[in-house]
Each structure stands twice: as structure tokens, then as C-alpha cells.
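Below is one structure, written out as C-alpha cells; the observations come after it.
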Amino acid sequence: MRDDNVKSAGAGAAAAAISRGEAPQAESEELIRRRRFLQAGVGVGIALTVGGISILSVTSSLHPIEKATPETEPPAPGDKLVFADEQTHVLVPSDLQIGAAPQMVYPMDPKTKVVKGGTANNLALVGRFDPANLSADTKPHAAGGIVAYSAICTHLGCTVSLWDPKEEWMHCPCHHARFDPRNDAKVMEGPAPRPLPVLPLNMDGNDVVVAAGFLSPTGPQ
Ligand code: FES
């Protein structure tokens, strides 16, 4: 079981705002567009809890050009999942507590062992819930209560990096869109125009594996 109470060394502006008891300030659309253009990979994803809100990812590594490489291939059926901040750690169900903050993961080709972390478009949030609490739409895409979604906000492309443990909603820090992971990541609040894309999962022995690629395009359209 991973320790989700580990404190991160690098909380960003959103974390600082939350620690002061303020809502994180919305970024300008121009800044977000520029970051989205530059962002090819998201780095450390250690969970940090501040004022009841968990920060799921705290840093972004910026790369000016995103080239087509094995690391930027999209998720494919049979891919395993590895933690974004610990890419040698293959996800198993016991890594996830029911109802806890989702974890940032990348797909990994099980044959070549290539981690597909060369693009933020492959970054996913994976969480575990009581299967009885999943919606009828969500159950077919889940593996024993484990669900996965793109971590890139469908509004302007920020990383959905916060977790509201009270509502059990994923929360984008930029303009406060909130998504329900028990119901196909539908938009519960905020300006996001559509849900976070679903990454269907299956079980392969004790491993959680990708059942199919994202069911809709990732990021803003
Ligand atoms: Fe605007 Fe996520 S980028 S709410």
C-alpha cells in the first residue's frame, strides 16, 4: 500500500493558496494555453493533503516539442499502469484504498516495458470505489471498482490535480471544474464542457490493465 500522506517537496501555487485558506487563483487563459502547448510530461505526483483537499500532482515538466516516440504512443489494450512518480511500480489493486485520492499513472507496454509518459495526454487518474457505488454507465469500464480517466482537464488543459474527499470529486485547480469518478467523470461543477475521457480497465491476474484506449479525445477540443 502506498503512503498517500507523504508530503511533497514541491507544492505549487495552488497548494500555497489552499494552505492560506484561499481558493487557488484562476490562471489566465493565455497562460494555460501556453502551458498546454509546452507540456509534454507531468512529473512528480506525490499526494499532499492541505485543508482537506488532496493535491494529486504538484509539478509539470515542460518540453518544447512533443515528438512521436514509443513513449508518446496512446494507451493500448493490455498495457499495465505504473505510477507517474515511481515508474517501476506496476499498479495492483492493493495500492488503492477504496474512496481515497486517485493516483496519477501512465500506461506501460508490458512487452517492451516502455512507459508511455512522453506526453501529458497519456496521464491518467486511477481510483478505487465500492463497485456498488459506481453508476451503470461506469461499471462496464471498471475493474473491480477501479476506474481510470484522463488527468487533463477538458476546459483549457490543466492537470486535474486536486481531490475533494468529502464529495469524492476530482477537482481542477485552474477554474474549479469538478468531476465525479463514480459516474464516468461527469462534470459536477465548473466550466469544463465535457467529462474527463474514460480509460477502460480490466484485470489480468493481479494486475490492472488497460482494456481499450481513451473513449474520447483527451484535453480541450
Ligand atoms: Fe479550466 Fe480545468 S482548465 S477548469
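Only the coordinates and a few stated rules stand behind these numbers; no lab work does. Just so it is clear, the structure is predicted and the values come from calculations on it, not from any experiment. As a convention, Cβ positions derive from the backbone with ideal geometry for all residues, glycine included, and neighbour counts pool all protein chains shown.
Between T88 and E189, full extension at 0.36 nm per residue minus the direct alpha carbon distance yields a gain of 32.8 nm. When each of the peptides 164-170, 100-106, 190-196, 78-84 is scored by the mean number of other C-beta atoms lying within 10 Å of its residues, the order from highest to lowest reads 100-106, 78-84, 190-196, 164-170.
Computed from backbone phi, the HN-Hα couplings of the stretch 108-123 come to 9, 5, x, 7, 8, 6, 6, 8, 8, x, x, 8, 5, 4, 9, 6 Hz, rounded to whole numbers (Karplus: 6.51 cos²θ - 1.76 cosθ + 1.60, θ = phi - 60°; Gly and Pro given as x).
Could you work out the relative contact order of the stretch 97-221? I mean the mean sequence separation of Cα pairs under 8 Å and 6+ apart, divided by the number of residues, in percent.
Numbers: 284 pairs, mean separation 27.1, N = 125.
Rounded, it is 22 percent for the stretch 97-221.
A simple rule links phi to the HN-Hα coupling: the Karplus curve 6.51 cos²θ - 1.76 cosθ + 1.60 with θ = phi - 60°, which for the stretch 169-185 gives 10, 7, 9, 8, x, 6, 9, 6, 5, 10, 10, 9, x, 7, 9, 6, 6 Hz, with x for Gly and Pro. Proximity of backbone amide H atoms, modeled 1.01 Å from N, is registered between A100 and R128 at under 5 Å, excluding neighbours fewer than 5 places apart on the same chain.
Going through the cross-link list K139/K186; K67/K116; K116/K139, which pairs have a Cα-Cα distance over 18 Å in this structure? Please report the intermediate quantities before stating the final value.
Working: K139/K186 14 Å; K67/K116 12 Å; K116/K139 26 Å.
Flagged as over cut-off: K116/K139.
For K186, the residues 5 or more places off, or on other chains, whose built amide H falls under 5 Å of its own are D180.
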